[in-house]
Structures are given as structure tokens and as C-alpha cells.
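Okay, structure first, notes after.
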Amino acid sequence: MKASIVVLPGDGIGPEVASAGVAVLRQIATRFGHEFTFAEHAIGGDAIDRFGDPLPPQTREALLAADAVLLGAVGGPKWSDPNAPVRPEQGLLAMRKLLGVFANVRPLKLHPRTAALSPLKPERTKGVDLVFIRELTGGIYFGAKTRSEHDATDECRYSVEEIERVVRHAFALARTRRRKVTSVDKANVLETSRLWRSVATRVAADFPDVALEHQLVDSMAMHLLTRPADYDVIVTENMFGDILTDEASVLAGSLGLSPSASIGGPGAGVYEPIHGSAPDIAGQSLANPLGTILSAAMLLRHSLGLTEEAAAVEAAVDHVLEHADLTRDLGGTATTHAVTRAVIEACNAKAEAA
Ligand code: NAD
Ligand code: IPM
Ligand code: MN
């Protein structure tokens, strides 16, 4: 098949991990006889430096015409002055809104070797297989903001429609898994959470074969560490999902392992690791590329419908997690390039064996 993929390297380790994702996709194209074209565009701090805009018009145009988008990460100390008029992260948020990708899918699967690096005891993390559906285009991230010399505000607003579509997505996904949805909110305090909870309860009536439980976000942060294996699909609003998914990544051994897919819009889906631009390790080939490579596998599956190809990438990553030297975040000494090469070699070896 033919597919045009927009690549947004961004800042910090973004370009390092994005090129790892592209290298794996190129290898998959060769092995399975597909024609993928890759077009790089500017986003974030890089785009501010070059065009004065974190999501310039030429990037917007390319995004609207793409079949799928692979993103590294944006941001960094250079652009982080709290009084800066424009920020890299605004480019990321504008892209999500432009593409209407309201459902951010963040799966968490544990591999025995890397789970051993988790600060949690092995008996706590045994059997963990969960997926977060994080609402991505609403809530406090997108509400009106004000700032004066004396105070500042961020408005948090959710419509019934915004809640309903993401909760439905979570229930539909749960039907393909262990049929359990945990909806996370702060309904004991927030009006938006009370609306969220009532919509989730109403939607649940359409899925009688799926169990729904409600969980307050503060105790959820605790339960994620004490009984993570009890969860299947977790659905929550934008900011709670941002925070809980970084927390959950620790169960797998490293933030650098977690992939994501942002889907649900009329056009292209966006695939990116959940981590940021990691300024502390940028430019040293220390970045773990596996979160981005697993995001590329999600791209193959969700945007291109290439199930076998996605499984081939995931199997190669499993092989590397089992046998290869890994990056420093996972206790290894391998570079970003070496781990990427190991994934590509594992893909090739499997192809030759087949
Ligand atoms: P971060 O995720 O960039 O880094 C947190 C810690 O995890 C750091 O110690 C970093 O070295 C480590 N880490 C992250 N990814 C890694 C990888 N692939 N391999 C090995 N180690 C990895 O979070 P931060 O430091 O709070 O934020 C830095 C910048 O990134 C900020 O400007 C923030 O806004 C931005 N950010 C961007 C995205 C995105 O583009 N999607 C996501 C999160 C944060
Ligand atoms: C993420 C990031 C972004 C978010 C920031 C950089 C705007 O943390 O993708 O998880 O909060 O959504
Ligand atoms: Mn985040």
C-alpha cells in the first residue's frame, strides 16, 4: 500500500527518537512491499526558532493532507521562560485540536526483564495489562486563560458530547479486552467531573456486557501502584490522564517505553511516545527509542490497518527487550542507534525464519 506519513521531529531527543521510528517503518515497507513517503515538518521550539510559530502554516497544511503523523517531542529550557509570549507546547495542542484527535490511547504492557527494573515488587506488577484512554482535546488544557499582574485563571469546561465520545471509545475498546472500564474523575469537588460521571453512567447502559467502576483521581494514583493488575481500560479527562500515564509508565520500568496513539478525528492519527523532549539527555544518543518504535507499530495498526506489520514490530521489540543491550534508563549501555538497529535486525531475522 501507499501511505504518506508526516514526521514532526520537534525538540531535544524528539529528532533522535523520531528518526528511530522512521527507520523501523522504512524497514517494514521494504519487507512487506509498501510504499511509505515521509515528509518532515517543523513543530515546537524548532518551529518557533525558524518561523516564529510553534505550528506554522506549512505544517498545518501537511497535517491535513497526511495519512498518519509520527511525532518526537517538543519543548525545552530555551523556550520555557514563564513569561514567554509563545511556547513549543502550544504547537502540540494546536495540532491535536486541528486534527480533532480526542482519544489518546496509552497502553501499558510489562515485559519481565524491564518490569524487574520497576521500583515496585514483582508480585505487585505481575499480570499488568491496561490501557488508558485520555481525553485529549478538551478540559483545562483548552479553556480560556487569563493572566494579570495579580492573578491568573485556567477555565475547565467539558461538554456532554466531548465526554460521551471518549467514554464510548473506552467501552468499545473494553469489549475487545477484559470488559472492564474504570472512569477516573474528581466528582467529590469538580462540577465537570460530576457531569463526566453522569455521562459515563448513562453510556454504560449501552454496554451491559462491560463493567463500569468510578474512581476518584487521588486514590486512583495510589491504586495504580498497589493493585495495577486489577485494571483493564481506564478512561479519564485530559489533565488527569496526562499525570496518571507518566506515573503508570514506571510500572513498565521506564517512561521511555510508553507509546501512544491519538485518534478519533476525521483525518490522520498522531503517534508519539508519551515522554517529553528530555533536555537532560538530548544529543547524546542516550534516549530510549522503544516508546516511539511502539508508537510506529500503533500507526501501522490504527491508521494504515496493517495488523501483521504492527505485530512484526511489536515482536521485534519484545525480542530486543528480552535479549539485547538496552539504553541507560533500562540499566544498559546501548545507544539509541544500537537499540534501533537491534529492532530492525530482529525484524529481518524473523522475516528470514518465516
Ligand atoms: P520528559 O518526559 O522530557 O523527561 C522526564 C525524565 O524522563 C527525564 O529525566 C528524561 O531524561 C527521562 N526520559 C524521557 N524520555 C526518555 C527516553 N526516551 N529515554 C530515556 N529517558 C527518558 O519530561 P520533562 O523533563 O518534565 O519535560 C521536558 C520538556 O518536554 C518540557 O518542555 C515539556 O513540556 C516537554 N514535554 C513534551 C511532550 C511531548 O512533546 N509530547 C511530552 C511531555 C513533556
Ligand atoms: C504529553 C505532554 C503534553 C501534554 C504537553 C507537552 C503539552 O505532557 O503529551 O503527555 O500535557 O499533553
Ligand atoms: Mn505528559
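Readers should treat all values here as calculations from the given coordinates under stated rules, not as data from a laboratory. Keep in mind that this is a model prediction, so the values were computed, not measured. Note that each Cβ is placed from the backbone with ideal geometry, even for glycine, and that neighbours are counted across all protein chains shown.
Could you please report the charge total around ALA312, scoring K, R as +1 and D, E as -1 over all other residues with beta-carbon less than 14 angstrom from its beta-carbon? Within the 14 Å Cβ shell, the charges total -2. As a length-normalised measure over Cα pairs under 8 Å and 6 or more apart, the relative contact order of the chain settles at 22 percent.
Compute the signed sum of charges (Lys and Arg +1, Asp and Glu -1) over the other residues within less than 14 Å, Cβ to Cβ, of THR125. The answer is +2. Here's the list of lysines a cross-link from LYS78 could span, going by alpha-carbon distance under 29 Å and ignoring same-chain residues fewer than 8 apart: LYS97, LYS145. Each residue in ILE5, ILE13, ILE281, ILE133 was given a count of other beta-carbon atoms within 10 angstrom of its own, and listing them fewest first yields ILE281, ILE5, ILE133, ILE13.
Can you list the aspartates and glutamates whose alpha carbon sits under 19 Å from that of LYS2, skipping same-chain ones fewer than 8 residues off? The qualifying aspartates and glutamates are GLU35, GLU40, ASP67, GLU308, GLU309. In the chain, helices alone account for a calculated mean residue ellipticity at 222 nm of -13500 deg cm²/dmol, with every DSSP H run of four or more residues adding -39,500 (n - 2.57).
Projecting label points 7 angstrom from Cα along Cα→Cβ for GLU213 and GLU191 puts them 3.1 nm apart.
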